[in-house]
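Reading through the structure tokens given below for one structure.
The values are calculated or read from the model by the stated rules, or taken from the named source; none is laboratory data. A quick note: this is a predicted structure, and the numbers were derived from the prediction, not measured. All Cβ positions, glycine included, derive from the backbone under ideal geometry; neighbour counts span all protein chains shown. The protein model used for the area step is the full one, side chains on, heavy atoms only, and it has no ligands, DNA or RNA in it. Shrake-Rupley method; radii C 1.70, N 1.55, O 1.52, S 1.80 Å.
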Amino acid sequence: MKAKRSLINLALGLISQLLIIALGILIPRLLLVNFGSEVNGLLSSVGQIIIYMSLLEAGVGAASLQALYKQVAGANRENINSILSATSSYYKKTGIYYFICIILLSVFYPLFIDSSIDKMTIMFVILVTGMGGAINFYFQGTFKVFLIAEGKSYVDTSITTLINIVISGLKILFILKGYNLIAIQSTHFVLMIVQIIIYQIYINRNYQWLDLKVKPDFDAISQKKSVMVHQVSSLIFNNTDVLILTIFTNLKVVSVYVLYNMLFSVLDKVISTVNSSVTFALGQTFHEGKDKFLKLFNAYEVCFMSFVFSLFTVAYIFILPFMELYTSGIKDINYIDFWIPTLFVIIKLLVNARATSNNVINIAGHFKKTQSRAILECTINLVCSITLVQFLGIYGVLLGTIAALLYRSIDIVLYANKKILERNAWMTIRRWLTNIVIFSIIVTAAKAMSIHPTSYVTTILSAVILLGLTIVIFASVNAVIDREAFKYTRDIIVKLINQQKRKKSIST
């Protein structure tokens, strides 16, 4: 059942991301052409600040997930309800605090930002963009956490995808029709309300036994403060660069950063979908026995790393040709730079390739034990980024992030293997080194072949073909080196295929 749900989560997640990716790449291009780099930089800057407000959640979601895995595995409805009751209590407070912060941000942000855009426009853009988040926390945050623990993240994915497609479609229509910025951004707020209604209908029909009015078990999510420290670290890596560039450079430089980050974040979303599709299975298996968990974890780490390195190998080869096409005709700032994608790829590999080890820490609930390390990571990032941006601009913030990631990624791998899995970390490190070597060989070969497509169609087709080849190469090499993990993965796939065959034979 866990394997089947993981595949459903993965399939629907990838389909949804492909749809959202296509629309997500088109909209910034339309904004650049119709409004210019300054508006694109403004929306990105505001968006990143609003993301910081998720810190108001204070780690409740991750702490609740860690507490729910064991109860869901044991089908203990009473304990599930008490944990969710505590989660709901915190989320409702978060929704109120979030609403207040959006109001304050809309008032003060226009006063401090250097922009030619009308201040009233900036204020209303912040309001209509951010209010959806407050409603989300207040009404549906608790149910999202529960469905993830259940292994039904595909429900959230389906609802979110539907809403995002409608939002993106309306944005495109409004931009082409010449609507103003406030009307374009107001689509977020209106459709968030629709999403909440759909969510509520699903929960009422499928989980009538859920009761958020029972006595809350606040002790079950007592690690939320420690989780928050880790969330601060994560947010700094994902969002501090934009904030620092907004303060120390200008919105046009922010726009350059945001476009590259947008393209790489497309892959982040795909990878996150793959990771989250399996996390619930890892979380539940962790409480079923160490040997069983290690077999699943090793198989997943091998497959996941191969997938991550395959994606970023292709991304590194095609990012500049695509960016030349994407920014053609935009002359207010230069978007083509060899070093920016190089630094981005290093960042993304360090973040994503460590995800499997980070999952172990989260599942085991070692939030408090590792919070000092997360604080040090934040400090390194902030100090290095703020210092280097003065001399190197956009390169400085990227190098600051890399400096922090080098420390923390190595630390996460060592901690997860030694403290939790109780084994030598060499197994994970060897997998890193193997994939880095394969990455270097493929990139070198691609440069020697001088791959440089001249249209969107040829770029996409060439990337898809190369991605297929790189996945085969990475998977084959890793399968030879990690034979046990490969055998375990093969056995799971064969078992699922046989189960489907039996179901078909019974039905016929």
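For the chain, what does the relative contact order come out to in percent, with C-alpha contacts under 8 Å and a separation of six or more?
Once normalised by length, the contact order is 20 percent.
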(message) Would you calculate the convex hull of the Cα atoms in the stretch 357-469 and tell me its volume per residue in Å³?
(response) 160 Å³
(request) Among 126, 424, 140, flag the residue with its Cα farthest along the positive direction of the charge dipole of the chain, charges on Cβ as +1 for Lys/Arg and -1 for Asp/Glu. (result) 424
(request) Work out, step by step, the length gained on full extension between residue 464 and residue 430: first 0.36 nm times the residue separation, then minus their alpha carbon distance; give nm to one decimal. (result) 9.5 nm
(request) First compute the accessible area of the chain with a 1.4 Å probe, then give the percent of it belonging to carbon and sulfur atoms. (result) 67 percent
(message) Using a Förster radius of 56 Å, what is the FRET efficiency between residue 336 and residue 214 based on their Cβ-Cβ separation? Nearest 0.05, please.
(response) 0.45
(request) Work out the charge dipole of the chain with +1 on the Cβ of Lys and Arg and -1 on the Cβ of Asp and Glu about the Cα centre, then indicate which of 194, 297, 457 is farthest towards its positive end. (result) 297
(message) Skipping prolines and chain starts, which residues have an amide H placed within reach, meaning under 5 Å, of the one on residue 337, given they are 5 or more residues away or on another chain?
(response) none
(request) Using the Karplus curve 6.51 cos²θ - 1.76 cosθ + 1.60 with θ = phi - 60°, work out ³J(HN,Hα) for each residue of the stretch 283-295 in order, rounded to whole Hz, and write x for Gly and Pro. (result) x, 6, 5, 4, 8, 9, x, 5, 4, 5, 5, 4, 5
(message) Suppose all protein chains stay in the model; what accessible area per residue would a 1.4 Å probe give for the chain, in Å²?
(response) 45 Å²
(request) Report the relative contact order of the stretch 63-222, percent, no decimals, based on alpha-carbon pairs under 8 angstrom and at least 6 residues apart. (result) 39 percent
(request) For the chain, restrict the atom set to alpha-carbon positions and state the Rg and Dmax in Å. (result) 22.9, 71
(request) Return the calculated 222 nm mean residue ellipticity for the chain, to the nearest 500 deg cm²/dmol, obtained by summing -39500 (n - 2.57) across DSSP H runs with n ≥ 4 and dividing by the residue count. (result) -29500 deg cm²/dmol
